[in-house]
Amino acid sequence: MAGGAASGGNATSEAYAPARGWLLLPTWVVLGIVVLAPIVLMLIYSFLTKEFRGGVIWEFSVDAYDQFFFDRGLFGDDAPTIQWAYIQIFWRSIWQATLATIFCLLIGFPTAYFIATRPANQRTIWVFLITIPYWVNLLIRTVSMRFILRDQGPLNDLLQWTGIVAEPLTIINTNLGVQIGLFYSYLPFMVLPLYAAIERYNFSLSEAASDLYAPRHKILTRIVLPAVKPGLIAGCILVFVPSLGSFLAPDLLGGARNFMIGSLIDEQFRGSAGNWPFGAAASMILLTLVLLVLMVLARQQARLEKGAG
Amino acid sequence: MTKQRPIAIDIQKVVKRFGDFTALKEVSVSIGDNEFFTLLGPSGCGKTTLLRMIAGFEDVTAGAIFLYDQEIAKLPPNKRPINTVFQNYALFPTMSVLENVGFGLEMQGKSRAEARRQAGEMLELVQLSQFAHRKPSQLSGGQQQRVALARALAPKPRVLLLDEPLSALDMKLRKSMQLELKHIQRETGITFIFVTHDQEEALTMSDRIAVMSAGEVQQLGTARDIYENPRNMFVADFIGDTNLLEVSVDKIENGRATCHLGGGHELTCDPVAGVDTGARVHLSVRPERLFLSSEPEEVESLRGRVVENIFIGTDITTILDLGVGPQFRVRASNSDRGNLRVFEPGQNVFVNMERGAARLLVD
């Protein structure tokens, strides 16, 4: 991913000039249909008026955003006050996603390092083992997790049987439950890019550092981590972004009190209780937030690559 | 070692096994302080393994390694005052040239400012000061090689290990780096242990050479010693160009061994311990120790027919058929124009050798 498009074949060569336009056409069509159109649609819907029983009335309105940010409303008689409920849900989502990213990193890095340092013919087997659970639908896996974690589930049985806890731990319907769900769902998204980066890492650099008096922790922080930074950033993005918008883990493992943005949005498009413009507005706000985070990370990576020449 | 100097690295009966494979079979070598020492051998002979054991990247299966009388075989690499110039340089790609060179100093506990100052001095020594703030990927192969050298020298190690550091450079650059390395070694007074498979490189640079093959040291000595007195067939064949003849020893008397090589050819040479009358052994004669003439000019001469003359710039090599054994090569210097007589293919000539040119080899 580090500047792969740079140099290589000369795409600006005169010979390709007439064909360039239509050769790129499929790309633009696909990007337009799968990226641009849904976002534009969402943006339009967020400024429409809600229809009860779902759907929209084609009439401009900022009600959705108004409802998200303000109590009593900008257009009411009373002075508007900030509506904290939704902002709190956003805040909870951000820190749950951040925590999930950190845990995935702490477990994912040693895992990826372990796999990348196996003999070449064994690595594929390890990667395969990591991905096996993900052949099963996420919903089913999350429901299974609920069974494992519940008060009378196997985890609590084990903890009580070994005498670690006397009373069953309540994990379901807590923030911890959501966190375990997020961590479990997105761990491979951290392991795989990290593995790809570490596998390409030139281990003789570690030898050279060790030769130059570096103890093990310095080799990790000064040599290995900077070298695999692109994989690290990719892994963090791949865990953070879907965690932020996740709704299965919060719904099934967090319950009503531990709502996240994903669930909030999901609810707006379900059945008669839904509010399409509000769901669209919440999506737009989430999208803006994610883009801001990505822009910061992208800028950092660009600086890194510029430095590496 | 001419005079008594302290021993920098003492390798005592070191064995290395990888599973069933024995890479080193009881190798013992003592390397003197301030010596330019070379481990020479073909790939797979165990020379790099030995170097990596001195650096600490491989553990020792059996035996001991001493650095100035301190046993180091159990120390991790970062606890050994020994630095390495790696074959692929292994420069840190995310750091600048200056940071690369200063890394070892910083890890030794010097402040960042002090590390940078000393790294700057090191870069001056290898004439790369103007590239201090570039990344290694922005340098040419030769420049990267110098950075690797500066980085390994900066912490002032007691011994510097060099693992085929010049193998990636083109010939001209390699020749100039050979001289420069030798020069830096003399200037810094650091013991250098150099690994190479290039015998010419070894002969050019080394104070002493250990010729290795199949996990053993075949011969240890100065360049001249090894070239002129190869101990066995492997050394004679690996170092320089040589004619190897299969002979039987007919008799040994008056300090001379008389051998015949079939086809009516007979030679006498100095006997060696371990070769007795009746033995079938090999005899080595360097091509440049021979000269051709139409009449026998020395006591020791063989008859042959010229097959081909090959002009290789500095020399002319004449290939001869002795009627027995493989083709025979004679080399004459091209600078000797006045006296140089070139025989045409098909001509019958005498191949003359001075006393001591032919050597019997054990095995």
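With contacts taken as Cα pairs under 8 Å at a separation of at least 6 residues, chain B carries a relative contact order of 15 percent. DSSP beta bridges fully contained in segment B:7-235 are about 55 percent antiparallel.
Estimate the FRET efficiency between residue A:300 and residue A:120 by the formula 1/(1 + (r/R0)^6), using the beta-carbon distance for r and 41 Å for R0, to the nearest 0.05. Working from the Cβ atoms, E equals 0.80. Percent antiparallel among DSSP beta bridges with both residues in the protein assembly as shown, to the nearest 5? Counting DSSP beta bridges with both partners in the protein assembly as shown, the antiparallel share is about 75 percent.
Report the calculated FRET efficiency for residue A:70 and residue B:114 (r = Cβ-Cβ distance, R0 = 51 Å), to the nearest 0.05. Could you put the intermediate results ahead of the total?
Values: r = 59 Å, r/R0 = 1.16.
The computed FRET efficiency comes out at 0.30.
For residue B:300, the residues whose amide H sits under 5 Å from its own are B:353, ignoring neighbours fewer than 5 places away on the same chain, with H placed 1.01 Å from N.
Can you tell which of A:277, A:119, A:250 shows the greatest fluctuation in a Gaussian network model of chain A with Cα springs below 10 Å? Looking only at A:277, A:119, A:250, the biggest GNM fluctuation is shown by A:119. Within segment B:177-303, the ratio Rg/Rh, alpha carbon atoms throughout and Rh by Kirkwood, equals 1.07. Which net charge results when you count Lys and Arg as +1 and Asp and Glu as -1 among the other residues whose beta-carbon is under 15 Å from that of residue A:209? After counting each charged neighbour, the total is +2. Rounded, prolate or oblate, given the Cα gyration tensor of segment A:87-268, with a/c below 1.5 counting as rounded? Note, shape of segment A:87-268 comes out prolate.
Return A:297, B:51 ranked ascending by Cβ neighbour count within 10 Å, so the fewest neighbours appear first.
Details: A:297 15, B:51 20.
Neighbour counts put them in this order, fewest first: A:297, B:51.
Of the residues B:333, A:263, the one with the fewest other Cβ atoms within 10 Å heads the list, and the complete ranking is B:333, A:263.
Each Cα pair of segment B:241-361 feeds into the Kirkwood radius, which the Stokes-Einstein equation turns, at 20 °C and 1.002 mPa s, into a diffusion coefficient of 145 µm²/s. Between B:284, B:28, B:335, the GNM of chain B built on Cα springs shorter than 10 angstrom shows B:335 fluctuating the most.
For Cα pairs less than 8 Å apart in space and 6+ apart in sequence, what is the mean separation divided by the residue count of segment B:241-361, i.e. the relative contact order in percent? All intermediate terms of the calculation are to be shown ahead of the outcome.
Working: 280 pairs, mean separation 36.8, N = 121.
That works out to 30 percent.
Using the Cβ of residue A:151 as centre and a radius below 14 Å, the other residues enclosed give a net charge of 0, where K and R count +1 and D and E count -1. Applying the criteria of a DSSP loop state and at most 10 other Cβ atoms within 10 Å to the chymotrypsin sites (Phe, Trp or Tyr not before Pro) of segment A:210-309 yields no site.
Which value, to two decimals, describes the C-alpha radius of gyration of chain A once divided by 2.2 N^0.38 Å?
Numbers: Rg = 24.0 Å, N = 309, 2.2 N^0.38 = 19.4 Å.
Against the compact-globule rule of thumb, the ratio is 1.23.
When the protein assembly as shown is described by a simple charge dipole with +1 on each Lys and Arg Cβ and -1 on each Asp and Glu Cβ, the residue from A:237, B:249, A:134 located farthest towards its positive end is A:237. Modelled label positions at residue B:241 and residue B:62, each set 7 Å beyond Cα in the direction of Cβ, lie 4.3 nm from each other. About its Cα centre, the protein assembly as shown has a charge dipole of approximately 1300 debye under the convention of +1 per Lys or Arg Cβ and -1 per Asp or Glu Cβ, with nothing else charged.
Is any helix in chain A, taking whole DSSP H runs, at least 30 angstrom long along its axis by alpha carbon and on average at least 0.5 on the Kyte-Doolittle scale, and which ones?
Working: long enough: A:84-116 (46 Å, 1.19); A:175-200 (37 Å, 0.92); A:276-308 (47 Å, 1.11).
Helices passing the filter in chain A: A:84-116, A:175-200, A:276-308.
D for chain B, whole µm²/s, Stokes-Einstein with Kirkwood Rh over alpha-carbon pairs at 37 °C and 0.692 mPa s: what number? Before the final figure, lay out the partial values.
On the way: Rh = 23.1 Å.
Rounded to a whole number, D works out at 142 µm²/s.
Taking Cβ atoms as reference points and 14 Å as the exclusive limit, the residues near residue A:131 contribute a net charge of +2, counting Lys and Arg as +1 and Asp and Glu as -1. If only the Cβ of Lys and Arg carry +1 and only the Cβ of Asp and Glu carry -1, the dipole of chain B around its Cα centre is close to 1480 debye.
Could you state, as a whole-number percent, how many of the C-alpha pairs of the protein assembly as shown are farther apart than 51 Å? Roughly 41 percent, once rounded to a whole number. Helical content alone sets the calculated 222 nm signal of chain A at -20000 deg cm²/dmol, taking -39,500 (n - 2.57) per DSSP H segment of four or more residues and averaging over every residue.
Sparsely packed loop sites in segment A:44-92 (the trypsin sites (Lys or Arg not before Pro) outside DSSP H, G, I, E and B with at most 15 other Cβ atoms within 10 Å) comprise A:53, A:72.
Taking only DSSP H segments of four or more residues, each worth -39500 (n - 2.57), what value at 222 nm results for chain B once the sum is divided by all its residues, to the nearest 500 deg cm²/dmol?
On the way: 8 runs with 84 residues, N = 363.
So the helix-based figure for chain B works out to -7000 deg cm²/dmol.
Which order results if B:66, B:92 are arranged by neighbouring Cβ count within 10 Å, fewest first? Present the calculation step by step, with values, prior to reporting the outcome.
Values: B:66 16, B:92 22.
Lowest to highest Cβ neighbour count: B:66, B:92.
Magnitude of the charge dipole for segment B:92-175, about its Cα centre and with charges confined to Cβ atoms of Lys, Arg (+1) and Asp, Glu (-1), is about 100 debye.
Under the definition of Cα pairs under 8 Å and six or more residues apart, what whole-number percent is the relative contact order of segment B:80-140?
Values: 44 pairs, mean separation 26.2, N = 61.
RCO, segment B:80-140: 43 percent.
For residue B:110, a cut-off of 26 angstrom between C-alpha atoms picks up these lysines, skipping any fewer than 8 places away in its own chain: A:218, B:74, B:79, B:135, B:156.
Once you have the Cα-Cα distance between residue A:144 and residue A:107, take 0.36 nm times their residue separation minus that, and quote the gain in nm to one decimal.
Values: separation 37, 0.36 × 37 = 13.32 nm, distance 2.15 nm.
Gain in length upon complete extension: 11.2 nm.
Read-outs throughout are calculated quantities, based only on the coordinates presented, and are distinct from any laboratory measurement. If you're wondering where the values come from, they're calculated on a predicted model, not measured in any experiment. Note that each Cβ is placed from the backbone with ideal geometry, even for glycine, and that neighbours are counted across all protein chains shown.
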